[in-house]
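This report refers to the structure that appears directly beneath it.
The values are calculated or read from the model by the stated rules, or taken from the named source; none is laboratory data. Predicted model, so just to flag it, every value in this text is computed and none were measured. Neighbour counts run over all protein chains shown; Cβ positions are idealised from the backbone, glycine included. Quick note on the areas: whole protein, heavy atoms, side chains included, nothing else; ligands and nucleic acids left out. Shrake-Rupley method; radii C 1.70, N 1.55, O 1.52, S 1.80 Å.
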Amino acid sequence: MSTTRVEKDVKWIDEPKLGLFENLYLPIVFDGLKTTISHLFTRKVTESYPEQEPTMVPNYRGVHRLNRDTEGRTKCVACYMCATACPAHCIDIVAAPAPADWVGREKYPETFVIDELRCIYCGMCEEACPVDAIELTTLYDLTGLSREQLIFDKEKLLSVYDQTVKAGTDPVRTQSGNLGPASDTAQAGVPKA
Amino acid sequence: MPEFNWQYTGLIIAAVIGTIMGYIAYLILLERWVAAWVQDRFGPNRVGPYGLLQPIADGGKMFLKEEVIPGHVDKVFFVMAPIVAFSTALLALAVVPIGSTVAPPPAQPTFAAFETVQAEYASHFSTVIVPALDIGILYSFALGSLAVYSVILAGWSSNNKFSLLGSMRSSAQIISYEIPLGMSIVGVLLFTQSLNLETVIQYQQDHTWFLFTQPLAFLLFLTSVYAECNRLPFDLPEAEQELVGGYHTEYSNSMKLGLMLLAEYAHMITTSFLMSIVFLGGWGLFGLESLVENAYAAFAVKLLILTGKMSAFVVLFLLVRWTIPRFRFDQLMSLAWKVMIPLSILNVLAATLVRQFNITPWAMTGVSAVLFVGAGLIAVRNGPVNNAPRKLKKPLPPGLQAGVTYAAR
């Protein structure tokens, strides 16, 4: 509580004096009616949802996706940073050594499961991710017929990537191309394309 | 007296009630649309094309809802209130012309002459349920004021403090606004020398619309009508913010509530008809309606003109709702007792003088303007109406900075 408020900080407002024009009521009423009628014909702001889909802001936090790198492999390096950062504990990763032909990759997620019902869509996972592998897309109409349907595995999350890339609705944060700086050491031997 | 033709009367009653019910149904849809459009929304547009079947869905919903009568209410009056509301609202329409009419003939010196003119009059067809009723507009006013009983009955029998408060406000409001409502048309009736609405229309055909010769009376009538119909800015009986639902809080959303709401809209339609007839010349439109030669076409044209005027007033009702904020109760009362009643008395006085000394009726236009501006000047001189209780100003304790009142406690 501040006690430093002094009289000069307090702004006193007097009720405006009404002249003859205002006291006749009618001119003011007509003025108001003009405003009312003009609103009858203005463009309506309502979006008729099922027929007319809203365009979400590019930084909307919707369904997750797992990004692919330039060769179509999952970008994720199974570092567990997202699972650690997740306040809702909805990410479950099982790491495995990367296949031999994945040059310069040490680990990859064998399974990557997100429970979309537990997720609170806070975006901490994508902030934590050092290689920009996990991202929240602008897909908002997430529905399912059972709880099991909404537990998304790796394939599902990668398909969300394919779907959003195809639709051209990449989230604003996407960095395409090579992995992020955290994987620099892992990629040291690979010549940049 | 024209002979009572039960076929005509039955036909008109059926036509009027049927049309009015349909009109009200779509009026409610229009009200919702206007409300939405003014707020830059779409409004009901899901049921049928452009939402045009919405009234049917609404009506079906109301009929199918369970009729709940709460245990703590007075059952007889609780059930009676919607009936009173609806029946008075419909009965008030009985004397209101809805299309072309013929004025009943004036008094005749001999009985033979009387018989002749009456026979001539009986050959005409007037689109009124009760033509040639001499008390005309008084009957309509009387039934219109009976509508307050429904509000009081509903509020009181509900045994609920909010409903009672709403109905008490309503009774005070309606009784206050009856006075300027009645007084404002006295000036008109002095000129027409008849309470009969067909004669009022005929007078305006012969002379000019009362809107032009008595604008102040029109303004007073219009304002009082808004209060009588419990429409915004005078919708205190159902102030949702303060009174839950007002007098119909205890009515579940069943047909009892539906009847109350229908009655409200029926009241709007009746008063809109009255305004068009008394001040806007009824089915007349500056002689344009007489250009149509064919009798049937002329009938249709007159019907269209009058209903068009009525609809314009109804739309004004809807627009004003979203234009003027609600009055506080004390402001409402001061408007009636300190502004409108004195103005209407002065208006009647002026009309009496103009009539007595046979001055041209156009003098009333000037008098109206003078009274209107004069009232404004008095308001400027007296400053804003402030009936709010004076707040006691506590002197600040010494040594404390001004404006820091919280710390002092």
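Does chain B come out rounded, prolate or oblate, given a ≥ b ≥ c as the square roots of the eigenvalues of its C-alpha gyration tensor, rounded meaning a/c under 1.5 and, failing that, prolate meaning a/b above b/c?
Values: a/c = 2.04, a/b = 1.33, b/c = 1.53.
Oblate, since a/c reaches 1.5 and b/c is not below a/b.
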Response to the item:
Taking a crude spin-label model, label points 7 Å out from Cα along the C-beta direction, the residue B:65 to residue A:71 distance in nm is 6.8
Fill in: Between helix B:295-321 and chain B: long-axis angle, C-alpha atoms, 0 to 90°, nearest 10
10
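Given A:107/A:154; A:34/B:302; A:34/B:338; A:34/B:309; A:44/B:309, which pairs have Cα atoms separated by over 18 Å? Can you show the working numbers first?
On the way: A:107/A:154 15 Å; A:34/B:302 30 Å; A:34/B:338 28 Å; A:34/B:309 20 Å; A:44/B:309 29 Å.
Where the Cα-Cα span goes over 18 Å, the pairs concerned are A:34/B:302; A:34/B:338; A:34/B:309; A:44/B:309.
DSSP loop (so not H, G, I, E, B), at most 14 other Cβ within 10 Å: list which GluC sites (Glu not before Pro) in segment B:32-130 pass both filters. If you can, show how the numbers build up before the last one.
Working: sites: B:66, B:67, B:115, B:120; in loops: B:66, B:67.
Filter output for segment B:32-130: B:66, B:67.
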Worksheet entry | Theoretical gain in end-to-end length, residue B:328 to residue B:345 [0.36 nm per residue, Cα-Cα removed] | 3.7 nm
Fill in: Between helix B:161-192 and chain B: long-axis angle, C-alpha atoms, 0 to 90°, nearest 10
40
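Taking R0 as 56 Å, what FRET efficiency do you get between residue A:26 and residue B:120 from their Cβ-Cβ distance, rounded to the nearest 0.05? Let's see the in-between values first.
Working: r = 44 Å, r/R0 = 0.79.
The calculated FRET efficiency here is 0.80.
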Worksheet item: Which residue, chosen from B:196, B:47, B:104, occupies the Cα position most advanced towards the positive end of the dipole of segment B:6-380, where the dipole is computed from +1 (Lys, Arg) and -1 (Asp, Glu) charges on Cβ about the Cα centre?
Response: B:47
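Please list A:118, B:169, B:355 from largest to smallest accessible area, probe radius 1.4 Å, with all protein chains kept in place. Numbers along the way, then the final one.
Values: A:118 135, B:169 50, B:355 80 Å².
The residues order as A:118, B:355, B:169, largest area first.
For segment B:6-380, give the magnitude of the charge dipole about the Cα centre (Cβ charges: +1 Lys/Arg, -1 Asp/Glu; no others), in debye to the nearest 20. Mind showing how you got there, number by number?
Details: 17 positive and 22 negative charges, 135 e Å.
Taking the Cα centre of segment B:6-380 as origin, the dipole is about 640 debye.
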Item to complete: Order A:75, A:34, A:107, most accessible first, counting only protein heavy atoms with a 1.4 angstrom probe.
Response: A:34, A:107, A:75
Response to the item:
By accessible area (1.4 Å), largest first, B:46, A:73 order as B:46, A:73
Discussion item. Ignoring everything except DSSP H segments at least 4 long, calculate the 222 nm mean residue ellipticity for chain B; use -39,500 (n - 2.57) per segment, divide by total residues, nearest 500.
Written reply: -20500 deg cm²/dmol
Fill in: Given charges at Cβ of Lys, Arg, Asp, Glu: chain B dipole, positive-most of B:116, B:353, B:294
B:353
Worksheet item: With r defined as the distance between the Cβ atoms of residue B:337 and residue A:52 and R0 fixed at 56 Å, what FRET efficiency is calculated, to the nearest 0.05?
Response: 0.60
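Would you mind getting the accessible area per residue of segment A:79-171, heavy atoms of the protein chains only, 1.4 Å probe, in Å²? Could the numbers behind the result be given before it?
Working: 5040 Å² over 93 residues.
For segment A:79-171, the solvent-accessible area averages 54 Å² per residue.
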Fill in: Candidate aspartates and glutamates - alpha carbon under 15 Å from residue B:65, same-chain residues fewer than 8 apart omitted
B:250
Worksheet item: Quick one: accessible area per residue over chain B, 1.4 Å probe, rounded to a whole number of Å²?
Response: 49
Worksheet item: Under 5 Å between amide H atoms, partner at least 5 residues away or on a different chain: which partners does residue A:111 have, H built in plane at 1.01 Å?
Response: A:94
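Shape call for segment B:117-197 from the C-alpha gyration tensor, a ≥ b ≥ c root eigenvalues: rounded (a/c under 1.5), prolate (a/b greater than b/c) or oblate? Present the calculation step by step, with values, prior to reporting the outcome.
Details: a/c = 6.03, a/b = 2.21, b/c = 2.72.
Oblate is the answer for segment B:117-197, as a/c is 1.5 or above yet b/c matches or exceeds a/b.
Using the Cα centre as the reference, give the magnitude of the dipole from point charges on the C-beta atoms of the protein assembly as shown (Lys, Arg: +1; Asp, Glu: -1; all else neutral), rounded to the nearest 20 debye. Before the final figure, lay out each step's value.
Working: 44 positive and 51 negative charges, 360 e Å.
Charge dipole of the protein assembly as shown: 1740 debye, to the nearest 20.
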Worksheet item: To the nearest 10 degrees, how steeply does helix B:6-38 sit against the main Cα axis of chain B, on a 0 to 90 scale?
Response: 40
Worksheet item: By how many nm would the segment from residue B:87 to residue B:378 lengthen if fully extended, with 0.36 nm per residue of separation less the alpha-carbon distance?
Response: 100.5 nm
Worksheet item: To the nearest 100 Å², how much accessible surface do chains A and B cover up together, summed over both, with a 1.4 Å probe?
Response: 2400
Response to the item:
A 1.4 Å probe over the protein heavy atoms gives segment A:64-188 a carbon and sulfur accessible-area percentage of 53
Item to complete: Starting from the Cα of residue B:15, step 7 Å along the direction of its Cβ; do the same at residue B:46; then give the gap between the two resulting points in nm.
Response: 3.9
Worksheet item: Can you give the accessible area of residue B:8 in Å² (nearest 10), computed on protein heavy atoms with a 1.4 Å probe?
Response: 110
Worksheet item: FRET efficiency for residue B:355 and residue A:34, Cβ-Cβ distance as r, R0 = 41 Å, nearest 0.05?
Response: 0.65
